[in-house]
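**Student:** Sharing a structure here in structure tokens format.
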Amino acid sequence: MSETSEKPPVARSKAGYAVGLGLLVLVAIIWFDTARMQVPPNYSAYGPQIFPYLSIAALIAVALYLLWQTWAGRPDAAKPESDESDWTGVVAISVGLLSQAVLIERLGFVISAAILFFLVAWGFRSRKYLRDAVIAIVLSLVTYLVFTRLLDLQLPPGIFKGVF
């Protein structure tokens, strides 16, 4: 008696394909808008198009990886560890985004972005408050300086007007 050792069919997630293809549609939209962007020839060595093109490259990599994982039948890579929802992170990140929108003109980019970065870290369950606060301030300050000094784009200085 011979047994046939057939492999069970590979389960492929329709949602995985939908998200991967959706990311590629988003890439097409971003590319289309970025390609139409009017940038003066004397703007700077790296114009405002650099960031959308970097985002396009990253999104393509993520989309292709997700499509490959879905095609290979590996949906477990994206499964949550438990079925319970954790709304704390969603609320913390939402409060961070709203606070930045409200505070950016009054306090400036550096402080509002630092608050956002800190709340995102807290939302992802980091409880090293001092480290997170220092990293948030350094990241927001470096981001501010890169945009205002290297790219010559203006961000609201807020209370730091005239300091940087």
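Just so it is clear, none of the values below were taken in a lab; they were calculated from the coordinates. What you see is a predicted model, and the numbers here were worked out from it, not measured in a lab. In this analysis, Cβ positions are derived from the backbone assuming ideal geometry, glycine residues included, and neighbour counts consider all displayed protein chains.
**Student:** What share of all Cα pairs of the stretch 14-78, in percent, falls into each consecutive 10 Å distance bin?
**Tutor:** Going out from 0 Å in 10 Å bins, the stretch 14-78 shows 21, 39, 22, 12, 5 percent.
**Student:** I've got another one for you. Measure nothing but the geometry: give the 0 to 90° angle between the long axis through the Cα atoms of 50-71 and the longest principal axis through the Cα atoms of the chain, rounded to 10°.
**Tutor:** In the chain, helix 50-71 runs at an angle near 20 degrees to the longest axis.
**Student:** Hey, got the dipole for the chain? About the Cα centre, +1 on K and R Cβ, -1 on D and E Cβ, debye to the nearest 20?
**Tutor:** Details: 13 positive and 11 negative charges, 80 e Å.
Here the size comes out at about 380 debye.
**Student:** Springs between alpha-carbon pairs under 10 angstrom, Gaussian network model over the chain: which of ALA15, ALA92, ALA63 fluctuates most?
**Tutor:** Its mean-square fluctuation being the largest, the pick is ALA15.
**Student:** Can you list the trypsin sites (Lys or Arg not before Pro) in the stretch 104-147 that are in a DSSP coil and have 12 or fewer other beta carbons within 10 angstrom?
**Tutor:** Hits after loop and neighbour filter: ARG125, ARG127, LYS128.
**Student:** Now for a separate question. Just from its helices, what would the mean residue ellipticity at 222 nm be for the chain, if runs of 4 or more DSSP H residues each count -39500 (n - 2.57) and the sum is divided by every residue, rounded to the nearest 500 deg cm²/dmol? Display every interim value, and only then the final one.
**Tutor:** Details: 5 runs with 97 residues, N = 164.
Rounded to the nearest 500, the figure is -20500 deg cm²/dmol.
**Student:** Across the chain, how large is the tail of the calculated P(r) beyond 27 Å, expressed as a percent of all Cα pairs?
**Tutor:** Numbers: 6769 of 13366 pairs.
That fraction is 51 percent.
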